[in-house]
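The values are calculated or read from the model by the stated rules, or taken from the named source; none is laboratory data. Only a predicted model underlies this, so the values are computations on that prediction, with no experimental measurement involved. A quick note on method: Cβ atoms are made from the backbone with ideal geometry, for glycine too, and the neighbour counts reach across all protein chains shown.
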Amino acid sequence: MIAEIISVGTELLLGNIVNTNAQFIAKKLAETGIEMHYQTVVGDNPERIIAALDIAYTRADMTILTGGLGPTKDDITKEKLAEYFHKKLVINEEAMQHMSALLEKVQKASLMDSMKKMALVPDDSLILQNHHGIAPGCIMKDGKKICILLPGPPKEMEPMFEEYCMPYLKEISHQVIVSVNIKMLDFDHAPVTVVGEAPVADALGELLDGENPTVATYAKEDGCLIRITAKADDRQRALELIEPVKEKCRAILKDEYIQWIKEETE
């Protein structure tokens, strides 16, 4: 299973807000063993949203979209997805009642016509009720294509993902992706000298060509990070695959005056 995240919002393109949603979802996909090869950011433009979906489904089985579920005219993600999947938008009564009760409680106001569009959902879809906001999300299927639509605000998106999407993804994927990160510094000098990426990568050589586990090096301001990543049926098996590769890294680098100072498992 391969997924692609499509983050919708002109404010993302303009740099007005940081795209923390994509980071959150990417980590959760790894927990369920679902691969992701691309992420896309697209503005609130109907033609470009459709184009992003067309491109995504040439290289992924599932898209996960965030943003564009609000009450204004530029909130068009849901409408374009319904069009793309040939579905009608219908009022979800549970969402409507939740919205009315929330407005009455918080603002002592009645439901405005412009807000009613947030209770519209694609028919024949799995509805994800929003217990931390107003607009519901949904999961749609069309043949082998799967689409998950989530609200943009992280305080709404994250709990919705945990409540609905994680159980759903675990049902359709029976693997996990686990990474072990190792940060390295050279303690042979005083003061501490940062070890660069190039000498570490050269030393590891063919280990960087492995497929499962994979080994990659990353340059950081405070040292070189080695990431060893494995995909397996469960977390324990993934860690078992990682362990001998980690020991090979240690053996290769032990004579390079490099000491292991930090190890983290994702």
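Determine the pairs where a residue that is within 18 Å of Leu126 (Cα to Cα), located within region 92-109, has a partner that is modelled with pLDDT under 70 and outside any helix (DSSP H, G or I) with Cβ atoms under 6 Å apart, the partner being 6 or more residues away or on another chain.
Here the result reads none, with nothing in region 92-109 linked to a residue that is modelled with pLDDT under 70 and outside any helix (DSSP H, G or I).
What number goes with the only condition from (1) at pLDDT 85 or above; (2) surrounded by 14 or more Cβ atoms within 10 Å (Cβ to Cβ) that Asp202 does not pass?
Here Asp202 clears every test but (2).
Give the residues of region 175-199 that are among the aliphatic types (A, V, I, L, M), at pLDDT below 70 and surrounded by fewer than 16 Cβ atoms within 10 Å (Cβ to Cβ), sorted by residue number.
Ala190, Val192, Val194, listed by residue number.
Can you tell me which residues in region 20-58 are part of a loop (DSSP other than H, G, I, E, B), of a type outside the set (D, E, K, R) and within 19 Å of Ile76 (Cα to Cα)?
Within region 20-58, Gly43, Asn45 meet the criteria.
Take Lys145 and tell me if it is farther than 25 Å from Ile17 by Cβ, touching a residue at least 40 places away in the same chain (Cβ under 8 Å) and surrounded by fewer than 18 Cβ atoms within 10 Å (Cβ to Cβ).
Yes.
Mind listing whichever residues of region 204-225 are assigned to a helix (DSSP H, G or I) and more than 15 Å from Glu247 (Cα to Cα)?
Answer for region 204-225, where residues must be assigned to a helix (DSSP H, G or I) and more than 15 Å from Glu247 (Cα to Cα): just Asp209.
Can you list residue pairs whose Cβ atoms sit under 7 Å apart, with the first residue in region 18-39 being aliphatic (A, V, I, L, M) and the second being in a helix (DSSP H, G or I) and surrounded by fewer than 19 Cβ atoms within 10 Å (Cβ to Cβ)? Count only pairs 6 or more apart in sequence or on different chains.
So the pair list comes out as Met36/Ala26.
Do we find a residue being more than 18 Å from Lys155 (Cβ to Cβ) and of a type outside the set (A, V, I, L, M, F, W, C) anywhere in region 128-136?
no
Scan Asp74, Asp44 and give me the residue that is assigned by TED's automatic domain parsing to the domain that holds Gly143, buried (at least 17 other Cβ atoms within 10 Å of the Cβ), of a type in the set (D, E, K, R) and out of contact with any Cys (no Cβ under 7 Å at 6 or more places or on another chain).
Going through Asp74, Asp44 in turn, just one is assigned by TED's automatic domain parsing to the domain that holds Gly143, buried (at least 17 other Cβ atoms within 10 Å of the Cβ), of a type in the set (D, E, K, R) and out of contact with any Cys (no Cβ under 7 Å at 6 or more places or on another chain): Asp44.
Quick one: would you say Ile64 is out of contact with any Pro (no Cβ under 9 Å at 6 or more places or on another chain), in a helix (DSSP H, G or I) and among the β-branched types (Val, Ile, Thr)?
So Ile64 fails the test.
Could you run through region 212-264 and say how many residues are modelled with pLDDT under 90 and closer than 18 Å to Gln175 by Cβ?
Number satisfying all stated conditions: 3.
Whether any residue in region 100-118 is aliphatic (A, V, I, L, M) and assigned to a strand (DSSP E or B) is what I want to check.
No.
I'd like the residue in region 93-111 that is of a type in the set (Gly, Ala, Ser) and at pLDDT 80 or above and, out of all such residues, is surrounded by the most Cβ atoms within 10 Å (Cβ to Cβ).
Ala95
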